[in-house]
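Structure first, then comments.
The values are calculated or read from the model by the stated rules, or taken from the named source; none is laboratory data. Worth saying up front: this structure is predicted, and the values here are computed from it rather than measured. Virtual Cβ from ideal backbone geometry, glycine too; neighbours counted across all protein chains shown.
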Amino acid sequence: MTTESLALARTPHPWGVLRLRQYFSARHLGVGWQVASLALVLAVLVPLQSLLGHAMRGSGELWPHLLSYVLPQALQDSALLLLGVGVLVIALGSSLAWLVSAYDFVGRRELSWALLLPLAIPSYIIAFAYLDLWHPVGILQSSLRTLLGFDSPRDFKLPDIRSMWGCILLLGLVLYPYVYLPVRAVFSMQAGNLIEAARTLQAGPQRIFFGLALPLARPAIAVGTSLALMEALNDLGASEFLGVRTLTVSIYSTWLNRSNLPGAAQIALLMLCIVLALISIERWARRHQRYTLATRRMQPLARRRLTGWRGVLALTYCSLPITLGFVMPAGYLVGETYKRLRFSGLESSLLSELLNTLQLATATTLLAALLAFLLSFAQRMARTPLNRQILRCASLGYAIPGTVLAIGLLGPLAQFDAWINRLFELSGHAPIGLLLSGSSVALIYAYLVRFLAIANGSLEAGFSQLPTSLDDAARTLGSSPTRLAWRIHLPLCRPALLSAMLLVFVDSMKELPATLLLRPMNFETLATHLYGEAARGTYESGAIAALLIVLAGLLPIIALSRLAERRDSHGSSP
Amino acid sequence: MSVQAPSIQLQIRELSHHYGSKQVLDAIQIELMAGEILALVGPSGCGKSTLLRLIAGLEELQTGEIRLDGEVVAAPYRQRAAEQRQIGMVFQDFALFPHLSLLDNVAFGLGKLPAAQRRTQALAMLARVGLAERAADAPHMLSGGQQQRVALARALAPQPRLLLLDEPFSNLDVRLRHRLRQETQQLLRDMRCASILVTHDPEEAMYMADRIALLRDGRIIQIGSPASLYFAPQSPFATEFFGDVNILHGELRQHTVDTALGRFAAPSLGEGQAVQIMIRPEALQLSSQASADSRTVIVQACHHLGAYSRIDLRVDDAAALSLQAEVPGAPAWPPGTRLQVRCETRGVFIFAV
């Protein structure tokens with residue numbers, strides 16, 4: 001039995017008189033924290049509630065317009081995009097994971113972590129880079145022409161990247177690691193025993209992959225794919241640059257170009273339904289996960305050696321997504337940055353944008369780390385069903401696409417500002433203007449709602465590795481909960497806390513959709529600057545900003561691969 | 001020094017506990033004297049660990065009352081938090097804080113003292129378990145037995161009013177377990193610390209404890225000295241829990257029952273009552289000479305187990321009943337040897353079926 005199911009078994013059923021008392025008692029922490037964490041959940045739920053309000057208030061004449069002009073196109077594009085990206089990330093992610101876990105070939109070790117590199121490239125940056133790279137007279141097509149012996153774009157031209165398939169390809173190239181990473185973990189660790197058993201039963205490689213490995217990895221594939229699809233749904237930049245009118249793009253333009261909040265809210269609600277559908281499909285696809293996990297003993301898989309042309313083929317196949325998804329766009333950004341610095345120097349505005357970005361990301365990171373630690377700690381101290389729900393709700397924000405969240409926040413923030421100003425007026429002061437909606441507080445709020453789940457997940461995992469007997473020992477030795485958190489949990493959770501902070505930091509740095517909608521006037525982050533440049537068609541000048549975002553995105557990948565290497569060396573030592 | 005009358009250190013009254021709709025403890029009553037060592041034994045899932053956690057304050061008490069030194073520490077809606085009970089605990093996985101040195105682990109419970117005093121006391125405690133020179137080491141550098149000693153030192157350092165040990169030796173191999181239980185018992189005796197030991201190993205309980213409480217399905221079914229549980233079990237369950245038995249069946253006629261091994265008296269049971277007769281293997285005495293009350297058995301196999309041997313036997317009659325006997329030394333009877341067996345009544349227990 002896993003520790004979680006054990007805890008579940010110990011948690012009394014929430015009904016009945018005695019049980020009801022336990023349901024609400026946070027035994028060792030008092031009511032204070034309970035109120036605080038409920039407030040936190042409210043903070044996540046407020047935007048959703050406001051979204052509903054706006055959508056309902058929307059005048060009836062909006063619907064005919066939306067129904068006939070906006071929605072069919074948006075729904076169709078979103079559906080096609082999700083389908084295409086889904087197929088691509090599953091195919092790429094699981095085949096690559098299988099190749100690097102079941103086989104050994106020249107360069108495998110390096111490739112198996114390099115395959116994560118595309119994660120560092122946000123979707124709007126790869127689109128931004130490829131608009132130039134793929135241009136008929138750009139570097140990619142010119143060299144292809146030279147290679148094939150054509151001399152002008154009229155004789156040979158690749159299909160336009162500004163299309164649905166271009167968008168699917170580019171999103172797939174940066175999102176496949178979401179599938180690759182968890183599936184690789186299943187293949188290399190959990191499936192080892194079974195695959196070896198299958199080998200002794202004379203099953204061939206094909207039968208092992210399709211009949212055993214793939215079904216075993218289904219829960220991991222489901223998790224990874226749903227994350228990738230949420231990112232795809234959340235994407236604003238790439239779809240817009242490439243001329244794909246998804247729901248996100250429609251929300252954005254409905255609000256920004258037509259200032260039509262109810263309309264935007266209605267589309268946002270529709271999008272939320274799709275997100276919920278994605279979550280339920282994911283849950284359904286991994287409903288047996290606990291069973292599969294519980295019965296396996298960890299056994300790394302012994303790899304088969306590929307030599308000769310087979311090895312070359314494997315190497316080529318694995319290098320392809322890295323080249324297309326990371327090396328080319330990153331190389332492009334480096335080149336453009338170099339040109340830019342060489343010819344016109346650094347823009348003065350870039351520094352302030354960088355500062356804005358860093359400030360926002362730092363504030364979000366610190367707050368998220370603090371909140372996630374408190375939530376996980378409280379959940380550990382009082383494992384009541386209510387706390388479980390609180391943690392789950394507080395993690396819901398990650399699934400809400402940035403535009404949807406922003407639209408949902410606009411109302412409550414304006415409302416809050418109105419109250420504050422009314423309060424000032426009543427007390428005889430001059431109104432202080434827009435306190436929340438016009439400031440970076442709104443942005444930090446939105447980032448927190450969206451990224452708290454990442455920090456929560458990381459800390460929950462960190463906490464779950466600490467045996468509860470440590471808590472019991474500290475308590476029987478006279479430690480108050482505060483001392484327990486400070487002296488035992490905090491130092492032991494430090495790796496989890498640091499990785500949570502790293503992930504939140506990077507995600508905040510590259511956040512685009514919510515930032516575009518919620519930022520104060522004339523306030524630019526690296527991401528919005530890049531978006532602005534791309535929208536104006538001045539691609540090169542956004543390169544420096546893009547490069548900075550990519551560099552920040554590399555940090556967690558480096559940390560991740562170092563961690564894996566350390567684990568490898570631990571595992572191989574006697 | 002005057003001899004004081006021993007005082008009651010721990011008193012548990014009418015304690016019951018539920019997980020959901022499942023009752024795990026039912027009307028538990030226990031009194032523990034100062035300096036006494038009590039063992040809670042029973043099969044897994046009998047509620048012994050839950051009882052320990054309730055005493056420690058790690059679970060919320062539902063019904064009943066727990067008094068420590070006469071003062072109520074837990075009653076429904078009125079509980080003292082674990083950190084305010086001054087009850088020490090040793091855990092099955094030792095639960096040493098992996099990021100703290102041994103010294104800091106042992107000093108952890110001495111938080112209220114000034115730093116220098118904390119250090120000397122922790123060092124003194126480490127010295128008592130023979131690990132003073134490793135004070136600066138991290139827990140993962142120690143062997144299992146050493147970790148167990150540190151866990152014990154850490155729990156005892158704050159001079160708890162009661163020490164709880166939750167299967168403290170179960171993670172160790174047999175030889176080490178035997179040595180550590182002796183050392184642990186010595187330390188508990190030296191410090192005159194009232195203790196409750198949870199274990200599923202009856203031998204460990206009999207070795208360590210002044211008294212043993214046998215739990216089954218959340219109820220104490222027998223409590224008493226190790227000898228009384230072994231030699232005067234009050235139920236078939238208790239009899240089998242503390243040692244292997246040969247089981248014979250019969251029916252009472254005038255307060256006696258006839259079996260393949262002879263006639264046994266059961267004065268307290270009624271006429272015609274169906275009974276089972278449980279005989280400990282060491283109560284079967286084997287010899288080559290026949291006596292008035294002996295029966296003939298045939299050796300099936302001899303298993304030499306070191307200081308003693310287990311002999312598989314078959315009674316030489318129509319029913320051909322199988323038996324196991326335990327004898328000192330290593331007799332070398334080939335299979336088929338005919339021997340005489342008689343029962344020592346000290347190891348024979350008769351229960352109504």
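Taking residues in the range B:94-112 that are more than 8 Å from chain A (Cβ to nearest Cβ), and partners anywhere that are surrounded by fewer than 24 Cβ atoms within 10 Å (Cβ to Cβ) and aromatic (F, W, Y), the pairs with Cβ atoms closer than 9 Å and at least 6 places apart or on different chains are B:D104/B:F97; B:N105/B:F97. A:L351 passes every criterion in (1) aliphatic (A, V, I, L, M); (2) touching a residue at least 40 places away in the same chain (Cβ under 8 Å); (3) closer than 30 Å to A:S437 by Cβ apart from (2). For first residues located in the range B:157-180 and away from every other protein chain (no Cβ under 12 Å), partners that are of a type in the set (A, V, I, L, M) and in a loop (DSSP other than H, G, I, E, B) and lie 6+ apart or on another chain with Cβ distances below 7 Å form the pairs B:L180/B:L172.
Do we have A:A102 as over 30 Å from A:R245 (Cα atoms), in contact (Cβ under 8 Å) with a residue 40 or more places away in the chain and out of contact with any Leu (no Cβ under 9 Å at 6 or more places or on another chain) here? So A:A102 does not fit the description; no.
Filtering the range A:374-395 for residues that are of a type in the set (K, R) and in a loop (DSSP other than H, G, I, E, B) leaves a non-empty set. Among the residues of the range A:64-88, those that are hydroxyl-bearing (S, T, Y) and either free of Cβ contacts under 8 Å to residues at least 24 places away in the same chain or farther than 23 Å from A:P177 by Cα (or both) comprise A:S68, A:Y69. Within the range B:308-328, being modelled with pLDDT under 90 and either aromatic (F, W, Y) or farther than 19 Å from B:N246 by Cα (or both) holds for no residue. Filtering the range B:332-342 to residues that are within 14 Å of B:S287 (Cα to Cα) and either charged (D, E, K, R) or modelled with pLDDT of 90 or more (or both) leaves B:W333, B:T337, B:R338, B:L339, B:Q340, B:V341, B:R342. Annotation note: Cβ proximity below 7 Å between a residue of the range B:12-23 that is more than 9 Å from chain A (Cβ to nearest Cβ) and a residue that is assigned to a loop (DSSP other than H, G, I, E, B) and surrounded by 13 or more Cβ atoms within 10 Å (Cβ to Cβ) (sequence gap 6+ or interchain) occurs for B:S16/B:Q62; B:H17/B:Q62; B:Q23/B:G218. Within the range B:60-93, being more than 12 Å from every other protein chain (Cβ to nearest Cβ) and either assigned to a strand (DSSP E or B) or modelled with pLDDT of 95 or more (or both) holds for B:G64, B:E65, B:I66, B:R67, B:L68, B:E71, B:V72, B:V73, B:A74, B:A75, B:R78. Please determine, by comparing only the residues of the range A:445-474 that are over 24 Å from A:T365 (Cβ atoms) and free of Cβ contacts under 8 Å to residues at least 40 places away in the same chain, which one is surrounded by the most Cβ atoms within 10 Å (Cβ to Cβ). Out of the qualifying residues, it is A:A473. Taking the criterion of being under 13 Å from B:L163 (Cα atoms) and within 14 Å of chain A (Cβ to nearest Cβ), the residues of the range B:24-53 that qualify are B:L52, B:R53.
Scanning the range A:300-337 for residues that are surrounded by fewer than 17 Cβ atoms within 10 Å (Cβ to Cβ) and more than 30 Å from the chain's Cα centre (by Cα) returns A:A302, A:R303, A:R304, A:R305, A:T307, A:G308, A:W309, A:R310, A:V312, A:L313. Scanning the range A:129-146 turns up at least one residue that is within 24 Å of the chain's Cα centre (by Cα) and either of a type in the set (F, W, Y) or crowded, with 24+ Cβ neighbours inside 10 Å (or both).
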